[in-house]
Amino acid sequence: MENLFLRGIVTFCMLYSVSGEGCSLVIKPARVVVGFGQPVSVSCEATRPVRVLGWESSISAAHTQKDLSVQWTVSSLIDWIEEPICYGVFFTAPRQCEEKLNLVLYKTPDSVSIRPVNHTGPMVEGKEYQLLCEVQNVAPVQYLSLRWYRGQSEVYNHTFADLTSASPVQVSSVLVVAPTRAQNGAQYRCVAVLELGPEGPQPPPTLTSEPLNTSVYFPPTFYNPEPEVLGLIVGAELTLNCTAVGNPAPVYSWQSSHSIKETLEDKAVLISSSLLPGTYTCTASNTLEKKSKMFIIKAKNEGV
């Protein structure tokens, strides 16, 4: 008979109770953050004489008729929809009230991975590309922050505050990049951080993807693209520097109205003591583009 009576009180309490200010119930701690499968224990205290004090819960429900404190204890919390409520039935008004435990059950991701979208191989300078970061089985997703890094610099932070799922989900984030030649060889990482607040683990749980190494192709560019005019003293050594930067590395060819006897025709720098006055054109090329640079050699009398 006592158990039936208590169940009747609990049902009445849950249907007609009030909460918030004046409820005379205090949950300690007020907010609980617990990892999936870990134990949890929370106390509910009444601040005035109480007839029945207890926890309404799908697991580990508890009540007391004589104490001003009752404990909710679970040895291994694995229920993603658990919402424990502390209730009290008092001798004076308000006679029934309840407080819901602010409970956060979390799970760190199984994996975090990063890959290009619809693309393989090197990127080309100035074109747009998408990188995809995927996170498997993380909860609660609204506390997740996906931080994108290029090298040591954070370039984007994707949060999911608009999602409300309590159980583990898979989520992803897309980073749009338009690489420059200065970013050739850049390394991208995606870092999943569960920012669970001061009650959660410190530092926050973090999982980082394997790095994605990128290569950026760009056309040849001369250090000095303007035509160069050089004075030639017969028999003196002359240097024509056609060095360019590019990715893939440029290959070189030389053209002139004169025959180039040296075997350095495929080099960036042509050094010779037998060049003749005239025009020499160097072409630097890679898979993206060809660019040319002109050298004009004029005769010069020694000592002038």
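The values are calculated or read from the model by the stated rules, or taken from the named source; none is laboratory data. None of the values given here were measured: they were computed from a predicted structure. Every residue, glycine among them, receives a Cβ derived from its backbone with ideal geometry; neighbour counts consider all protein chains shown. Please note that ligands, DNA and RNA were not included when accessible areas were found on the heavy atoms of the full protein model with its side chains. Shrake-Rupley method; radii C 1.70, N 1.55, O 1.52, S 1.80 Å.
Tabulated data
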read-out: Surface share of carbon and sulfur [accessible, 1.4 angstrom probe, percent] for the chain; value: 52
read-out: Set of lysines with alpha-carbon distance to Lys100 below 23 Å, sequence-local pairs under 8 removed; value: Lys28, Lys66
read-out: Helical contribution to [θ] at 222 nm, DSSP H n ≥ 4, -39,500 (n - 2.57), averaged over the chain, rounded to 500; value: -1500 deg cm²/dmol
read-out: Compactness index (Cα Rg / 2.2 N^0.38 Å), the chain; value: 1.91
read-out: Over 24 Å [Cα-Cα, region 124-236], rounded percent; value: 45
read-out: Ser75 paired with Ser113, simple spin-label distance in nm, labels 7 Å along Cα-to-beta-carbon; value: 3.7
read-out: Residues Ser253 and Ser274, FRET efficiency given R0 of 22 Å [Cβ-Cβ distance, rounded to 0.05]; value: 0.70
read-out: Under 30 Å from Lys293, Cα to Cα: lysines that are on another chain or at least 8 residues apart; value: Lys127, Lys261, Lys267
read-out: Length added when fully stretched, Tyr223-Ser60, from 0.36 nm per residue minus Cα-Cα; value: 51.2 nm
read-out: Choice from Trp148, Trp55, Trp254 with maximal GNM fluctuation in the chain (Cα, 10 Å cutoff); value: Trp254
read-out: Estimated FRET transfer efficiency when R0 is 30 angstrom, pair Ser167-Asn213 (beta carbons, to 0.05); value: 0.30
read-out: Cα-based reach from Lys107 at 22 Å (exclusive), listing lysines while leaving out same-chain residues under 8 positions away; value: none
